[in-house]
Structures are given as structure tokens and as C-alpha cells.
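> One structure follows; several queries about it will come next.
Bear in mind these aren't lab numbers, they're just calculated from the coordinates by the rules spelled out. All figures in this text were calculated on a predicted structure; none of them were measured in a lab. Cβ atoms come from the backbone with ideal geometry, glycine included; neighbour counts cover every protein chain shown.
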Amino acid sequence: MTEPQTEPQTEPKTLPRPTGATPSTTRAPRGLSWKARRRGFTVLHRFLLVVAMIFFVAPFLWMLLYSLLPAELLQRRDPDLDLTRITFSEYGDLLTDSSFLKPMGTSALVALLTTLICLALGSFAAYGIARFRFRGRQPLLLAMMATQAIPVIVLAVPLFIIIRGMGLFDTPWALVIVYTATILPLVIWMMVGFFEAIPASLEKAARIDGCNRWQMLLRIAFPLAATGLAATGIFAFITAWSDFFLAKILTASGSTTLPVRTASFQGLFAMDYTAAATAGVITSLPVLVLTLAAQKWIVRGLTEGAVKG
Amino acid sequence: MGEIVLDAVRKTYGKTLAVEDLTYTVGEGQFVTLLGPSGCGKSTTLNMIAGLEDISGGSITIDGRRVDELPPDKRDLAFVFQDYALYPHMTVYNNMAFGLKMRKTPKDQIEARVRDAARRLSIEPFLDRKPKELSGGQRQRVALGRAIARRPSVFLFDEPLSNLDALLRDQTRTELKQLHRDLGATSVYVTHDQEEALTLSDRIAVMSKGHLEQYGSPEEIYHHPATEFVASFVGKPRMNLWTATRVADGYQVPGTELVVPVPRGAELPQTVRLGLRPDEIGIAPDDAGIARVRLVEPIGNATDVILDLGPERLTARLTGFGHFTVGQPVSIDVSAARLHLFDTATGLRLPV
């Protein structure tokens, strides 16, 4: 920074914090000052965030518009965003249509059951892995990660054959089993991080205070890991809820799920854009709400799980 | 209530011996410190008394009852952890009440005991807060309060002051001593800080590398260290220790002119490890002196003067600010110093 010492009266305006990056750039002839550069990075960072946001949010907003406005307004060469013509009629139609409500129910049932099973099994498994040192502990954790490296498409046909063999084709149970199998390892992986973050001395204190293993788990470990467990649960729910591929393969008309049903609006010769968009919004709404509600936990959960191991 | 007897207590991890053959008695109502450098087995010993770790051999008895097979909560003791180990999801009140609730203590009694403990520690205003809203010193008090509310016959402390800053540590130390006097419960306290050990304890158990070096009162430990390890570990500044050889009327530190007289008629070996406490050595400016001032370290009420004594060093502690300058020759007076002699091979104290 150059100091206007010679004329302190005439240059008081340089003393308040400059509003942009330009003053420093013009004053520092030998390249940008550190401050100016940092400000430059901040501006660039913000700009990239805005671009990313537009990239991710714009399609969703477009879908939202499609679900609310008559299709003919939007399919013109010059789309007419006449907000006075907004209508919720398609929502009303879909939410009274049993061929849409049934997949919705199936999706909710499957996602909820998967989440509950993952939480119940995962929390105990993760606690055991986090707290006990046993032979094969590390390989076990690695194996769980390794399962995630297998592309689902490779498993699709074997899974189809197994599920059909079990007589579970086109049932919600098929999905619950398969989702649990794919999501549980990740859930455990994440939860191990949460349990390991609990200081061992707390459990010693609990033992002195008279807790057995169960009480320690229920009164100390689980409450302390609660936010993490909730985040993991939300993660499991979202994953199960948004799956398209496995649901498409393992179910037919009998117990299809929302993503599959939504896709079915795209017919061979025609497409009901409004219905598809509306179904899309309805499908993504729980994901959106849960993510917003739990974004802090989820980020923490994912990173905590990521650095352990 | 609360006499703890350790008999030949041993702890091994696989093939490594962590603690060997500990045998001593912590008397009823006594405050006993387990003192030693890190890795000496003091925390392991405490955990074994608590029941947080199994013993590999020997027995532990509290009030005549064998406890080493009992779970921690059946041993009637409370534990104060170094990191406080407060339950973050519970209020201060519930932290203090938790152990009592688990023991199905009647509600009104829990209330009374928690309030009493909180009053003793002046943490009543915080009872409804969560631990994270408290400062380190306040958390420390809650950890103490949790132990006190339990009213156990034995208190166990694992370096409870080491996470506090220096000023608070001294203050809390004084309060701990007061608390022990008020409550009168047997206490076992682990620390590596010899000053804490000396100030707080009725008895000190000095440990090194898994075995007991000496068990005795602070005075015995300080003035009659049983081994060279105890002599060098306890006392600040550290005791001066040299290998010395027998001469006509005493021991001489080789390469120096320092001769320390020993009583006549004593049966003593040719070479010994010789120890003198810095605060018992007198020094005076003397142009014909046998030592030269190397460093002067004033600490306010006292000054440590480090001398070059031939190839050896000698530390002397004087009261007040000594007016010595570096390089100045000084004479050494050891006539008032207690003599500590140790066997060169075993490190055991030799009677003088």
C-alpha cells in the first residue's frame, strides 16, 4: 500500500476500505498486491459458484415452469412466461391418479424401509467396527468400499435372476433387499467415522457410572452420534428414493417406483411434457427438502466418513 | 472406608510387561499419588484399580473385598478423567446425576447430592448448561462435581489438572487438597508433575518402567530417595548426581576438586553415584574457588546458578537474586547438604 503521507488532508478517501479491486491494481505497478489478488480470487470464486448454481438449478426451474404453465406457451419459438396463467391443475390430476399414487406409495415404502434397516444394522455394525479391535477389521472396511466400485449395471442381470428365483420379482421387497445391500456398506463406512469421533474416555466414564455395553450404546454413543446417524439416514433415503435403474429392472407394473413411473410419461410417439415435469417435481421434492434440511450434517457426515480408514 | 490393597499386581500386553509386581496399601482416607514419567505404568495402574483394565496377575482389594473381578461400577469408586469426559449431550446437572440415576438412587437424594457437590465447587449457576458452554476450568469442576456427587469410598484422578493453564492449575490444586480434607475419601491421583505430587499427597508411589521405585511420604521421597531414579525425578531443580570415587575422608568427583566428606566408619564401596540437592549447596564468590559460574537463572524468590566444575556441572539454588556474573570463580560449601549415595549398578540407596 502506498501511503499518502505528504498530503494527508487531500486524500482521505483512500483510507476507507476500497469497494472494488481496481484501486490497488492501478496503484501497484509491480503486479497485484496480495490483498488485491485475494479479492480477485474471491470474485472469481463467487462467479464460479453462480455459474455452477445456474448449471444445476436452471434445469430444475425449467421443469418447475413446465409443470405450472401450459405447455403450448413454452414450446413456442419465443417462450411466453406469462405468470398469470400459472395453474396447479396437473398436480391435482396426478395426485388423484391412482396409477401415479401407487408408485408414490411404493417409493415411500421402499425408501423408508431401506433407511430403517440400514440405520438399524449399520449403527450396530459401525459401532462394533469403531470400538473393537478384531482380526480382519481393516480388510472388512476395505471390502465395504470395494463393493461400491462395482458398477450396478454389471450386477443387473444376476440380480434379476436371483430376485426372480426368490419369487420376489415386481415386489417392493426385492427393491428393499437390493437397496439395503448396496447402501448398507456406505452407511456403515460413514457411521464408523461418527463413532470413532466419540472420545473413548466418555465410554470409560459411562462404565464407571454403571452403564453396561447396551446402556453405553443407547445413552451415550447413539445420542452423541445422532446428527451423524440422521445425516446417514437421509443419505440412505435419498439414494433409495432416487434410484431408477434397479427399480426399472426388478419391477414391472405391479410395484414400480416414482422415478420409473415419471420416465414412463415419455411415450413412444408422444410425450406429455407437463405431466412428466410435474411428476419430476413431485419426485425430487422430498430429496430437495431433506437435502436442504440436512445439508450441514450431510457434508460433515460425508467428509468425516471420508477421512477415516 | 476405602482401604486399597494391591498385592503383586501385574499387567502384560501380549509379551510386553506394562506393570510388574505392584504391592502396596493405600490407607483409608489417604491421598496417594502415582508419580512417574509417561509410559511408567501409572495410568495403567489407575485403570486397573478402576476396573477399566483387567489385571494379568495378583489381586486388588478394597476394604477387604476382592474387586479385581468386579466391573467398574461395582467397586464403589469415582474417576476424574484428564479430558474431563463430560457427556456433551447432557446438562451439567445430568452429567452429575447420571451415575446416581444408573444406581437407582431416589430422586430427592440425587437432587440433594448434586446440589451439595455443585455448592462445594461453586458451579451452581451452570447446572442447566451444556459442557460446551463452559470454560476449561468450569468443565474441570463439573468433572470433579460428578465424582463428588457419587460419594464413593475411593476417588481416582487421572492427571486432572494437566489440561488447565498454569495459574488455574495452582488454584485448583489448592482446592483439591481442601476438598480432600473436607471429604476425607481415599484418593489415588496420577500425575507426572512432582510438584503436584508433593503438595497433595500423604503418600507417593514413584514408578518407572512399570515397577515401583519407592512408596513413601513426600518427605521420605524427597529426603530419602530409595533409588537414583527417584532422586533425579523428584526435586526441582534436579538433584546434582555424579559418579564419585572414594578418597581418604570422603568421595571425590573425578576431574574436579570437589570432595564430599562422609561419616567415619561407614562401609562404603569404591565408587558410588553421589547426589546433592541444589538448594542445600552454598556458593560464595572466591577467587581461589574450584568452580566457575556458567549460567545464572533467577526465578524471583530464588536463583539457580549453574557452575562449571571441571568437566562436570553443578547446580546450586540460592534464595533471592544472587549477584553472580558469568565466569566468576566461586567456592562451594556442601557442609549443610544431605548426602545421597546410590549403588552404581543397582541404583539403590546406600545407607550412610
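> Based on the mean of other Cβ atoms within 10 Å per residue, sort peptides B:202-208, A:95-101 so the most packed one is first.
On the way: B:202-208: 23.1, A:95-101: 12.4.
Packing order, densest peptide first, comes out as B:202-208, A:95-101.
> Roughly how crowded by other chains is peptide B:68-81, in terms of the mean Cβ count from those chains within 10 Å of each of its Cβ atoms?
Values: counts 0, 0, 0, 5, 8, 7, 1, 1, 0, 1, 3, 6, 2, 6.
Partner-chain Cβ atoms within 10 Å, mean over residues of B:68-81: 3.
> Provide the convex hull volume over Cα atoms per residue for the protein assembly as shown, in Å³.
326 Å³
> What average number of partner chain Cβ atoms lie no more than 10 Å from the Cβ of the residues making up B:85-91?
Working: counts 9, 3, 8, 6, 6, 3, 0.
Mean inter-chain Cβ contacts per residue within 10 Å come to 5.
> Please report the Cα spread of segment B:4-233 along all three principal axes, rounded to whole Å, starting with the longest.
That gives 50, 39, 30 Å along the principal axes, largest extent first.
> Roughly speaking, what is the stretch gain from A:Leu288 to A:Leu109, that is 0.36 nm per residue apart minus the C-alpha to C-alpha distance, in nm to one decimal?
Values: separation 179, 0.36 × 179 = 64.44 nm, distance 1.84 nm.
Extending this stretch completely gives an extra 62.6 nm.
> Next question. Can you give the mean number of other chain Cβ atoms that lie within 10 Å of the Cβ atoms in peptide A:207-219? Numbers along the way, then the final one.
Values: counts 7, 20, 15, 12, 6, 3, 0, 0, 1, 0, 0, 0, 6.
Shielding by partners across A:207-219 averages 5.
> Pick from B:Gly327, B:Gly145, B:Gly300 the residue whose mean-square fluctuation is largest in a GNM of chain B, springs joining Cα atoms under 10 Å.
In this elastic network of chain B, the residue with the biggest mean-square fluctuation among B:Gly327, B:Gly145, B:Gly300 is B:Gly300.
> Quote the charge dipole size of chain A about the Cα centre in Debye, to the nearest 20; the model charges only the Cβ of Lys and Arg (+1) and of Asp and Glu (-1). Present the calculation step by step, with values, prior to reporting the outcome.
Numbers: 27 positive and 17 negative charges, 311 e Å.
Value, rounded to 20: 1500 debye.
> To continue, here is another question. Given a 10 angstrom Cα cut-off, can you work out which residue in A:Trp189, A:Trp62, A:Trp241 is the most mobile in a GNM of chain A?
Between A:Trp189, A:Trp62, A:Trp241, it is A:Trp62 that shows the largest mean-square fluctuation.
> Another question about this same structure. Looking at this model, which pairs from B:Lys15/B:Lys42; B:Lys177/B:Lys209; B:Lys177/B:Lys236; B:Lys42/B:Lys177 are more than 23 angstrom apart at the alpha-carbon? Walk me through the numbers before you get to the answer.
Details: B:Lys15/B:Lys42 19 Å; B:Lys177/B:Lys209 28 Å; B:Lys177/B:Lys236 21 Å; B:Lys42/B:Lys177 21 Å.
From the list (B:Lys15/B:Lys42; B:Lys177/B:Lys209; B:Lys177/B:Lys236; B:Lys42/B:Lys177), the Cα-Cα distance tops 23 Å for B:Lys177/B:Lys209.
> Assuming R0 = 51 Å, what is the FRET efficiency of A:Met271 and A:Ala200, from their Cβ-Cβ distance, to the nearest 0.05? List each step's numbers first, then the result.
Details: r = 59 Å, r/R0 = 1.15.
Rounded to the nearest 0.05, the efficiency is 0.30.
> Nearest 5 is fine: what % of DSSP beta bridges in chain B come out antiparallel, could you say?
So the antiparallel bridges in chain B amount to around 75 percent.
> Under 23 Å between alpha carbons, and skipping anything fewer than 8 positions from A:Lys296 in its own chain: which lysines qualify?
Hits, sequence-local ones excluded: A:Lys308, B:Lys130, B:Lys132.
> Now a separate question. In nm, to one decimal, how far is the B:Arg313 label point from the A:Thr84 one, both placed 7 Å along Cα→Cβ?
Between B:Arg313 and A:Thr84, the simple spin-label model gives 9.3 nm.
> A follow-up question, please. Could you give the semi-axes, largest first, of the ellipsoid that matches segment A:157-263, computed as the square roots of 5 times the alpha carbon gyration tensor eigenvalues and rounded to whole Å? Intermediate results must be reported in sequence, preceding the final value.
Working: eigenvalues 300, 40, 22 Å².
The three semi-axes for segment A:157-263 are 39, 14, 10 Å.
> Also, I was wondering about something else. Send over the semi-axes of segment A:60-131's equivalent ellipsoid, whole angstrom and largest first, taken as the square roots of 5 times the C-alpha gyration tensor eigenvalues.
Details: eigenvalues 367, 58, 13 Å².
So the equivalent ellipsoid measures 43, 17, 8 Å along its semi-axes.
> Build a GNM of chain B with springs between Cα atoms under 10 Å: which of B:Leu167, B:Leu134, B:Leu121 gets the top mean-square fluctuation?
Comparing B:Leu167, B:Leu134, B:Leu121 in the GNM, the peak value goes to B:Leu167.
> What residues from segment B:55-93 fall in the zone where the backbone N is under 19 Å from a label point 7 Å along the Cα-to-C-beta line of A:Arg133?
B:55-57
> Turning to a different aspect of this structure: Restricting to the protein assembly as shown, compute how many DSSP beta bridges are antiparallel as a %, nearest 5. Display every interim value, and only then the final one.
On the way: 57 of 75 bridges.
That works out to approximately 75 percent antiparallel.
> For a Förster distance of 41 Å, can you work out the FRET efficiency between the beta-carbons of A:Ala120 and A:Leu61, rounded to the nearest 0.05? Walk me through the numbers on the way to the answer.
Values: r = 38 Å, r/R0 = 0.93.
In this case the efficiency is close to 0.60.
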